[in-house]
1. Give LEU75, LEU56 a once-over and let me know the one that is more than 13 Å from the chain's Cα centre (by Cα) and assigned to a helix (DSSP H, G or I).
2. Looking at (1) assigned to a loop (DSSP other than H, G, I, E, B); (2) out of contact with any Ser or Thr (no Cβ under 8 Å at 6 or more places or on another chain); (3) without any contact (Cβ under 8 Å) to a residue 12 or more places away in the chain, can you tell me which one MET1 breaks?
3. With the structure loaded, tell me whether ALA19 is touching a residue at least 40 places away in the same chain (Cβ under 8 Å), of a type in the set (Gly, Ala, Ser), within 23 Å of ALA120 (Cβ to Cβ) and part of a helix (DSSP H, G or I) or whether it fails that test.
4. Residue by residue through region 36-51, note down the ones that are part of a helix (DSSP H, G or I), in contact (Cβ under 8 Å) with a residue 24 or more places away in the chain, in contact with a helix residue (DSSP H, G or I) (Cβ under 9 Å, 6 or more places away or on another chain) and of a type outside the set (Lys, Arg).
5. Quick test of your reading of the structure: ILE81 fulfils all but one of (1) among the β-branched types (Val, Ile, Thr); (2) touching a helix residue (DSSP H, G or I) at 6+ places or on another chain (Cβ under 6 Å); (3) more than 29 Å from SER3 (Cα to Cα). Name the failing condition by number.
6. I'm trying to understand the selection: among the residues of region 89-101, which are surrounded by 14 or more Cβ atoms within 10 Å (Cβ to Cβ) and either touching a helix residue (DSSP H, G or I) at 6+ places or on another chain (Cβ under 8 Å) or at pLDDT 95 or above (or both)?
7. When only residues in region 20-38 that are of a type in the set (Gly, Ala, Ser) and surrounded by fewer than 17 Cβ atoms within 10 Å (Cβ to Cβ) count, which is nearest to SER60 (Cα to Cα)?
8. All but one of (1) under 21 Å from MET99 (Cα atoms); (2) crowded, with 19+ Cβ neighbours inside 10 Å hold for VAL58; state the number of the condition that does not hold.
Amino acid sequence: MTSLTVFFAKFIGAYALFAAAWLVLRPQAALGLIDRISNDPVFESMIGVMRLIFGLAVVSAHNLWGNWLQTLVSLLGWIAIFSGLATMFLPTGLLRRAMEWMRFKEKLPTYALLSALLGAMLFFGGLAA
């Protein structure tokens, strides 16, 4: 296990755990932020740029596919690259349509649980490595 795998696993895991807690404890703030971002082309593009930067940082430093933790970290980096590019270059409103298709408002507790589970796997996997 490389030190970068451990770092990214704990970093992404902690973020996912905090995001899950935020979704549960402040759902209206989360939904308000998503609504604001998805209705503003500048904010939407900024989110795409941030995803792309994160994904490029992960993939350029850690494109490893050896064990489950390395694979998960690398996979999340690639997902961030592709979602960042999509958010930057596909038509404005794509994020809003994706949130509607996912029924994000109605299924917010489910998405918070998924974020918490992913975060726990990564964070505790990083601690155990």
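The values are calculated or read from the model by the stated rules, or taken from the named source; none is laboratory data. Computed from a predicted structure; not experimentally measured. Note: ideal-geometry Cβ built from the backbone for every residue, glycine included; neighbour counts use all protein chains shown.
1. Details: LEU75 fails: more than 13 Å from the chain's Cα centre (by Cα).
Being more than 13 Å from the chain's Cα centre (by Cα) and assigned to a helix (DSSP H, G or I) holds for just one of LEU75, LEU56, which is LEU56.
2. For MET1, the failing item is (3).
3. Numbers: touching a residue at least 40 places away in the same chain (Cβ under 8 Å): yes; of a type in the set (Gly, Ala, Ser): yes; within 23 Å of ALA120 (Cβ to Cβ): yes; part of a helix (DSSP H, G or I): yes.
Here the answer is yes, as ALA19 does meet what is asked.
4. Within region 36-51, the subset part of a helix (DSSP H, G or I) is 36-38, 41-51.
Next, from what is left, pick out any that are in contact (Cβ under 8 Å) with a residue 24 or more places away in the chain: 37-38, 41, 44-45, 47-51.
Add one more test, that the residue is in contact with a helix residue (DSSP H, G or I) (Cβ under 9 Å, 6 or more places away or on another chain), and what stays is 37-38, 44-45, 47-51.
Passing the criteria: ILE37, SER38, GLU44, SER45, ILE47, GLY48, VAL49, MET50.
5. Of (1) among the β-branched types (Val, Ile, Thr); (2) touching a helix residue (DSSP H, G or I) at 6+ places or on another chain (Cβ under 6 Å); (3) more than 29 Å from SER3 (Cα to Cα), only one is false for ILE81: (3).
6. Listed by number, the residues that qualify are THR92, LEU94, LEU95, ARG96, MET99.
7. Initially, region 20-38 is screened for residues of a type in the set (Gly, Ala, Ser), giving 20-21, 29-30, 32, 38.
Now narrow it down to the ones that are surrounded by fewer than 17 Cβ atoms within 10 Å (Cβ to Cβ): 21, 29, 32.
Values: ALA21: 30, ALA29: 33, GLY32: 33 Å.
Applying the filter and picking the extreme gives ALA21.
8. All conditions pass for VAL58, except number (1).
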